[in-house]
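Here's the structure we're looking at; comments come further down.
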Amino acid sequence: MVGSEILIAVLLGILIFISSAYLTYFCYNRHKKLKQSGEAEGGVPEISRKGKLGLSLGLIALFAASAFSLGIKIVYRAAPAFGNQYYVSVNSPSMAAKHQSNTYLKTYGLDNQIAQYDVAVFDVYDKQDIKQYDVILFEKNNALIVHRVVEIQEDGSCITQGDNNPSRDDWSVAKSEIKGIYVKKLGFLSFVNYLGYTPGIYIALAGSVYDLGVLLLFEILDKKSEDVSSISH
């Protein structure tokens with residue numbers, strides 16, 4: 001993901017937080033004016049109920065969005081397999097861009113770069129032929145890696161390299177280490193997954209906590225209002 005998308009994610013979180021704050025400010029002041037004018041006597045004012053409903057919906061939406069993003073982050077980091085495909089959160093920038101020294105990328109028009117935190121789909125490798133310049137998912141030193149095949153050796157093992165790296169990897173990949181062959185990226189899930197790694201998700205979580213606190217404040221104010229009303233009558 002590029003810098004502009006980081007900015008969008010953060011601004012989105014801030015916008016949600018400010019919206020919640022404004023709703024709180026409006027509802028609280030309306031509540032206060034109703035009490036001062038005497039319209040709130042005898043029960044909880046309607047604006048307070050509406051305010052609490054709005055804050056409840058905001059709390060649910062913020063929490064659901066945050067939980068969904070963090071859930072996607074946790075699930076796809078583990079590279080789960082569904083059917084004959086792996087779904088992988090590519091957390092390295094090594095395939096995110098074309099390094100200027102990798103002339104083969106331009107020569108063969110290879111533009112299937114995978115940005116950091118993209119969710120990529122790989123067909124399960126089932127001993128089918130691997131071609132030069134395929135992007136593969138493989139396991140090395142107990143870590144899952146996504147790189148491009150730049151050379152196939154006589155024994156069938158592969159030499160790999162990240163598109164964004166200036167040199168080849170210092171290992172060869174045996175067929176037994178290959179997990180899958182790249183198929184596509186999932187745009188929406190990639191963005192949701194990416195949010196889990198930005199400050200935007202923590203701002204949204206802060207908004208959830210904020211809304212919860214304000215809901216409790218409304219409950220306390222309304223309880224006091226009802227108590228005063230019952231005493232006065």
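The values are calculated or read from the model by the stated rules, or taken from the named source; none is laboratory data. It should be emphasised that the depicted structure is a prediction, and the values quoted were computed from it without experimental measurement. Positions of Cβ are backbone-derived with ideal geometry, glycine not excepted, and every protein chain shown enters the neighbour counts.
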(request) Being hydrophobic (A, V, I, L, M, F, W, C) and part of a loop (DSSP other than H, G, I, E, B) is the filter; apply it to the range 163-210 and report the residue that is nearest to Arg77 (Cα to Cα). (result) Leu186
(message) Being over 28 Å from Ser66 (Cα atoms) and modelled with pLDDT of 90 or more narrows it down to one residue among Asp155, Asp163, Asp222, Asp227; which is it?
(response) Asp163
(message) Taking the criterion of being in the same structural domain as Ile181 (by TED's automatic domain parsing), in contact with a helix residue (DSSP H, G or I) (Cβ under 7 Å, 6 or more places away or on another chain) and within 17 Å of Phe188 (Cβ to Cβ), would at least one residue in the range 135-149 satisfy it?
(response) no
(request) Please tell me if Lys98 is surrounded by fewer than 18 Cβ atoms within 10 Å (Cβ to Cβ), over 19 Å from Ser172 (Cβ atoms) and in contact with a helix residue (DSSP H, G or I) (Cβ under 8 Å, 6 or more places away or on another chain). (result) yes
(request) Report the residue count in the range 92-117 for those that are without any contact (Cβ under 8 Å) to a residue 40 or more places away in the chain and assigned to a loop (DSSP other than H, G, I, E, B). (result) 4
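Among the residues of the range 118-162 satisfying the criterion of being hydroxyl-bearing (Ser, Thr, Tyr) and part of a loop (DSSP other than H, G, I, E, B), which is surrounded by the fewest Cβ atoms within 10 Å (Cβ to Cβ)?
The selected residue is Tyr133.
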(request) Run Gly109 past the list (1) within 24 Å of the chain's Cα centre (by Cα); (2) farther than 16 Å from Ile72 by Cβ and report the number of the one that doesn't hold. (result) (1)
